[in-house]
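Right, one structure below, let's go through it.
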4 protein chains.
Amino acid sequence: MNPETRPPRWQRRAEARPQEVLEAALAVFVERGYASARLDEVARRAGVAKATLYLYYANKLELFKAVVRHALVDNLDEVARLQAAAGARPGREQLTFLLHAFMRRVAGSPLSGIPKLVMAEAGNFPELARFYHDEVIARGRAIICGTLARGIAAGEFRAVDVDYAWRVVIGPALLAIIWKHSFLAFEDRGMDFERHLAVHLDMLFNGLAAPDQKGTRDEP
Amino acid sequence: MNPETRPPRWQRRAEARPQEVLEAALAVFVERGYASARLDEVARRAGVAKATLYLYYANKLELFKAVVRHALVDNLDEVARLQAAAGARPGREQLTFLLHAFMRRVAGSPLSGIPKLVMAEAGNFPELARFYHDEVIARGRAIICGTLARGIAAGEFRAVDVDYAWRVVIGPALLAIIWKHSFLAFEDRGMDFERHLAVHLDMLFNGLAAPDQKGTRDEP
Amino acid sequence: MNPETRPPRWQRRAEARPQEVLEAALAVFVERGYASARLDEVARRAGVAKATLYLYYANKLELFKAVVRHALVDNLDEVARLQAAAGARPGREQLTFLLHAFMRRVAGSPLSGIPKLVMAEAGNFPELARFYHDEVIARGRAIICGTLARGIAAGEFRAVDVDYAWRVVIGPALLAIIWKHSFLAFEDRGMDFERHLAVHLDMLFNGLAAPDQKGTRDEP
Amino acid sequence: MNPETRPPRWQRRAEARPQEVLEAALAVFVERGYASARLDEVARRAGVAKATLYLYYANKLELFKAVVRHALVDNLDEVARLQAAAGARPGREQLTFLLHAFMRRVAGSPLSGIPKLVMAEAGNFPELARFYHDEVIARGRAIICGTLARGIAAGEFRAVDVDYAWRVVIGPALLAIIWKHSFLAFEDRGMDFERHLAVHLDMLFNGLAAPDQKGTRDEP
DNA sequence: TATGAATGAGAATTCATTCAT
DNA sequence: AATGAATGAATTCTCATTCAT
């Protein structure tokens with residue numbers, strides 16, 4: 001009866017809403033995949049009614065695109081930051097720095113949802129995949145390849161085939177992202193990102209072979 | 001009128017059916033993703049009625065499990081058996097054998113869709129993810145870890161932390177699968193799986209660091 | 001900053017608003033029908049916010065009623081004008097005049113929307129239909145019947161059954177209204193209202209039968 | 001518990017179903033209008049589940065088209081066939097036959113709801129209106145125009161402008177349909193379709209003008 | 001008075017699953 | 001064993017209506 005006791009049914013939050021919706025949607029899309037993501041749940045997590053989503057995004061696909069676009073910006077920013085930071089260091093130190101940064105700022109943050117999402121949905125959304133490939137992957141690749149090339153030039157690294165080596169370098173780090181979003185919950189012992197990175201770096205630089213085994217090449 | 005002259009509308013092929021269904025289902029699941037895969041289409045491709053699927057598999061999830069089991073578990077077991085039978089020397093030879101087998105039998109075949117698929121749908125179907133984790137990942141992990149452990153015991157490999165090293169070993173190979181299904185179409189120069197594996201193995205065993213740089217650890 | 005220099009975002013036009021809303025609503029109801037008419041569109045065409053409609057009309061149904069009531073007045077006025085003008089003329093000239101006036105002032109004007117709307121929605125709104133029947137149709141019918149009766153009395157018209165003939169007289173003219181609002185857009189050659197009326201009048205007075213065929217009655 | 005006491009959840013009625021659905025749908029569409037018609041109710045009246053409708057018709061619009069096609073196109077074809085088979089003399093006899101058939105088979109049957117319905121929804125569903133125009137109106141028009149043309153050629157009819165005369169011919173018959181669905185309930189004396197048709201035919205052939213008035217043309 | 005923002009109550013449509021044959 | 005037919009339980013999207021400003 002007393003209107004004071006009844007909380008308002010909703011608040012006007014026109015500026016904040018779209019942002020909140022995007023964040024909720026990112027989480028749901030990452031967890032569920034595009035097809036299985038329920039707009040009901042997006043709305044619930046964003047704290048709005050389902051119909052409210054349609055005030056800002058025309059339909060599920062548009063919402064999805066907006067999520068990716070928005071999150072891509074963050075990924076791009078991160079890449080740019082890595083690029084700048086990578087600048088002037090020599091090969092090994094620089095590569096260590098890059099992988100550290102990637103693990104901490106991408107794999108270990110909500111940003112990791114985007115690579116996972118794009119990888120998962122690339123087959124269904126080629127346009128999205130192309131954009132991600134051209135804008136994010138190409139830049140990341142350039143950074144890694146540049147670092148490798150400089151390291152080789154400086155005599156720090158062996159003369160590997162850079163065009164393929166870059167995927168070997170980033171592979172275990174991307175696997176960490178996939179693990180985080182897919183299977184971590186089922187691991188008995190969890191997974192320590194720091195430890196994973198340490199082992200990765202050690203093996204990356206020093207190889208698996210015992211010292212006296214080095215030099216036995218696998219290629220003719 | 002005469003039932004003898006009229007060919008039967010369907011053949012009894014109880015033995016062949018499940019196999020055909022599994023193949024159709026694999027294709028559809030890989031193309032569409034689990035959630036978007038239509039049993040209608042699986043049935044159509046298998047050349048049976050939708051209801052017939054239920055004679056062999058209790059529901060969609062069970063069908064998916066059967067697909068995975070058929071496609072990967074059997075393969076993994078086979079790989080383990082082959083590896084044992086090959087009489088390869090522990091360590092480098094075994095690991096090379098293993099990764100070759102993986103790249104040829106999984107990454108380079110239609111089966112490669114399965115890991116990508118599971119990764120994409122894991123958040124949505126924990127039961128599915130758990131099944132995959134327990135049945136496929138656990139076995140693959142056991143095989144790799146065993147190989148690593150034997151290599152270390154034999155003095156061929158350095159004493160890395162096997163519990164983490166196994167992901168570093170398989171990471172680049174899994175990345176090849178992801179690339180194949182997500183971004184390969186957008187690469188200018190394509191991607192040669194053989195070359196990828198060669199570089200991977202070289203780096204895996206010998207490390208990136210130039211020989212005179214070895215021993216410089218990244219961790220204190 | 002100075003509120004004086006900033007023009008108000010909206011004008012207070014309390015008197016004009018309802019009128020504008022009614023006109024917009026009429027157009028939308030005629031185009032879409034009651035059920036499919038969107039209040040969003042009514043508001044847009046009226047240049048107000050959707051919520052503003054509720055300041056004047058309690059809900060969609062009340063708005064609809066108001067539209068019809070308001071537009072009926074114009075229809076009634078028109079009928080009254082026809083009635084007065086029809087006054088003293090003999091049958092044929094008078095009927096020609098009436099149909100001319102109807103085609104020009106109703107069929108050929110926005111007023112035509114109301115008959116179309118009422119015909120379309122009569123089944124769903126019996127109250128509306130009754131009102132229209134009693135107030136508009138009954139008067140129009142009286143005018144036509146009176147004209148026919150006078151024409152017969154004057155020996156200009158044959159002694160047709162006036163109670164049925166009036167619908168035959170007005171039928172083609174109403175069909176023109178229906179055509180205008182329903183199918184005209186799909187006619188290759190369009191439809192010339194003047195020509196339609198001319199043919200109508202010719203056939204109405206002179207009949208279709210060739211002169212030497214006249215007298216062959218269709219009724220025993 | 002006793003399976004005998006539990007009635008089967010449904011029957012297989014593959015041949016009868018579509019027909020039953022069409023009849024239920026016709027009734028609902030006519031009563032409610034296209035937009036307000038609920039597929040729920042169509043299903044309920046047809047005695048099937050809502051999803052069953054989609055076994056036979058892809059969506060609401062297709063169901064509606066099927067209703068119209070079934071209800072009218074078949075009838076028109078029948079009319080045309082009857083007309084041809086009747087071996088009536090060109091001109092008056094044929095046209096009389098035609099209008100009789102229309103009044104009996106369309107205006108006097110549940111089919112009469114369709115023209116009224118299409119007219120009401122034409123603005124909202126241009127595709128629907130175009131379909132109706134092309135499939136129904138065009139055929140009806142062709143039949144009438146052909147009959148008129150043959151009558152003129154045979155010297156039974158005056159040389160009217162057939163492109164406009166056809167609407168004058170059918171106008172009063174269509175008005176009967178509209179009356180039936182809109183205002184008949186409010187007429188004191190009801191409306192006798194037979195009488196309406198008789199007066200219509202009489203006026204159509206012989207005109208309203210008294211015999212000695214004939215020849216006074218309304219057009220220069 | 002006017003409105004942008006928000007929502008609840010549906011509606012059409014889809015699809016894994018089940019039934020009767 | 002096999003299937004065509006049927007359905008119930010979602011899920012996306014719409015829109016008249018209401019609220020807070």
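Output the number of residues of segment A:150-161 satisfying the condition of being surrounded by 16 or more Cβ atoms within 10 Å (Cβ to Cβ) and part of a helix (DSSP H, G or I).
Residues that pass the stated criteria total 3.
Look at C:Phe205 and say whether it is touching a residue at least 40 places away in the same chain (Cβ under 8 Å), within 14 Å of C:Arg92 (Cα to Cα) and of a type in the set (Phe, Trp, Tyr).
Against the criterion (touching a residue at least 40 places away in the same chain (Cβ under 8 Å), within 14 Å of C:Arg92 (Cα to Cα) and of a type in the set (Phe, Trp, Tyr)), C:Phe205 qualifies.
Return a yes/no flag: does segment A:150-162 have any residue that is closer than 25 Å to B:Phe29 by Cα and touching a residue at least 24 places away in the same chain (Cβ under 8 Å).
no
Here are some residues: B:Leu76, B:Leu53. Which one is more than 8 Å from DNA strand E (Cβ to nearest atom) and more than 14 Å from chain A (Cβ to nearest Cβ)?
Testing whether each residue is more than 8 Å from DNA strand E (Cβ to nearest atom) and more than 14 Å from chain A (Cβ to nearest Cβ) leaves just B:Leu76.
Filter segment D:55-72 for residues that are surrounded by fewer than 15 Cβ atoms within 10 Å (Cβ to Cβ), assigned to a helix (DSSP H, G or I) and not acidic (Asp, Glu) and give the result.
If the condition is that a residue be surrounded by fewer than 15 Cβ atoms within 10 Å (Cβ to Cβ), assigned to a helix (DSSP H, G or I) and not acidic (Asp, Glu), then D:Leu55, D:Leu61 are the ones that fit.
Which of the residues belonging to segment B:171-194 are part of a helix (DSSP H, G or I), of a type in the set (D, E, K, R) and either at the interface with chain A (Cβ under 7 Å from one of its Cβ atoms) or over 16 Å from A:Lys116 (Cα atoms) (or both)?
B:Glu194
Taking segment A:40-54, which residues are within 13 Å of DNA strand F (Cβ to nearest atom) and surrounded by 19 or more Cβ atoms within 10 Å (Cβ to Cβ)?
Of everything in segment A:40-54, those that are within 13 Å of DNA strand F (Cβ to nearest atom) and surrounded by 19 or more Cβ atoms within 10 Å (Cβ to Cβ) turn out to be A:Val42, A:Ala43, A:Val48, A:Leu53.
Within segment C:207-216, identify whether any single residue is surrounded by 21 or more Cβ atoms within 10 Å (Cβ to Cβ) and either more than 8 Å from chain D (Cβ to nearest Cβ) or touching a helix residue (DSSP H, G or I) at 6+ places or on another chain (Cβ under 6 Å) (or both), and answer yes or no.
yes
Spot the failing condition for C:Arg92; the list is (1) touching a residue at least 24 places away in the same chain (Cβ under 8 Å); (2) surrounded by fewer than 22 Cβ atoms within 10 Å (Cβ to Cβ), and only one is missed.
Only one criterion is unmet by C:Arg92, namely (2).
Here is a list of conditions, (1) over 22 Å from A:Leu204 (Cβ atoms); (2) more than 10 Å from the chain's Cα centre (by Cα), and B:Arg92 meets all of them except one; can you say which number that is?
The single condition B:Arg92 does not satisfy is (1).
Being outside any helix (DSSP H, G or I), more than 13 Å from DNA strand F (Cβ to nearest atom) and at pLDDT 90 or above is the filter here, so list the residues in segment D:11-39 that pass it.
Hit for segment D:11-39 is D:Ala37, nothing else.
Which of the residues spanning segment A:152-170 are of a type in the set (Gly, Ala, Ser) and at the interface with chain B (Cβ under 7 Å from one of its Cβ atoms)?
The answer is A:Gly155, A:Ala165.
Could you list, in sequence order, the residues of segment A:114-147 that are among the aliphatic types (A, V, I, L, M) and either in a loop (DSSP other than H, G, I, E, B) or facing another protein chain (nearest Cβ under 8 Å) (or both)?
A:Val118, A:Met119, A:Ala120, A:Ala122, A:Ala129, A:Ile137, listed by residue number.
The values are calculated or read from the model by the stated rules, or taken from the named source; none is laboratory data. Just so it is clear, the model here is predicted, and its values are computed rather than measured. With ideal geometry, Cβ positions are generated from the backbone for all residues, glycine too; neighbour counts draw on all protein chains shown.
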